[in-house]
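A.B. asks: Have a look at the structure that comes next, please.
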Amino acid sequence: MSTIYLNSLLERANYTAHAHTVYTRYMTKHTEEFKVNGEDLLKKVKEIIAEGNARKITVKSKEGKSIVELPLTIGVVGAALAPLLAAVGAIAALVTECTIVVEREEK
């Protein structure tokens, strides 16, 4: 979303500038990249999910093409993760090297 669009939404809702600052602060994100072998892919993805602050995980081939994107939301646990982890496991069987790009929210 653009800043102009967010500002118009906040103005319509009669939020103060302080509320906008708080909203923007909580939306700050950064990314990290990890290069892993196919056999370590599933283990590393599980570790990242267990840390709890990842919002999106992208697995890329060694050529840099996105293979799969896993959007993670707050509260995704247990059975909801099973299909995502099964997909990652299938990918791990097919690739030798890959890069995991993790989008995290800064606190």
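A.B. asks: Looking only at residues that are in a helix (DSSP H, G or I), of a type in the set (A, V, I, L, M) and touching a helix residue (DSSP H, G or I) at 6+ places or on another chain (Cβ under 6 Å) in region 4-51, which one is modelled with the lowest pLDDT?
C.D. replies: L10
A.B. asks: I would also like to ask the following. Filter region 64-91 down to the residues that are of a type in the set (A, V, I, L, M), surrounded by 10 or more Cβ atoms within 10 Å (Cβ to Cβ) and either touching a strand residue (DSSP E or B) at 6+ places or on another chain (Cβ under 6 Å) or at pLDDT 70 or above (or both) and list them by number.
C.D. replies: Residues satisfying the conditions are I67, V68, L70, L72, L81, L84, L85, A86, A87, V88, A90, I91.
A.B. asks: Across region 92-107, what is the number of residues that are surrounded by fewer than 17 Cβ atoms within 10 Å (Cβ to Cβ) and either part of a helix (DSSP H, G or I) or of a type in the set (A, V, I, L, M, F, W, C) (or both)?
C.D. replies: Here the count works out to 3.
A.B. asks: Considering region 26-57 alone, what residues qualify as being over 14 Å from L84 (Cα atoms) and among the basic types (K, R)?
C.D. replies: Across region 26-57, the qualifying residues are K29, K35.
A.B. asks: May I ask you to list pairs of residues, at least six apart or on different chains, whose Cβ atoms are under 8 Å apart, with the first in region 29-44 being in contact (Cβ under 8 Å) with a residue 24 or more places away in the chain and the second being surrounded by 11 or more Cβ atoms within 10 Å (Cβ to Cβ) and among the basic types (K, R)?
C.D. replies: Correct list of pairs: K29/R55; K29/R104; H30/R104; T31/R104; E32/R104; F34/K44; V36/K44.
The values are calculated or read from the model by the stated rules, or taken from the named source; none is laboratory data. Just so it is clear, the model here is predicted, and its values are computed rather than measured. So basically every Cβ, Gly included, is an ideal-geometry build from the backbone, and we count neighbours across all protein chains shown.
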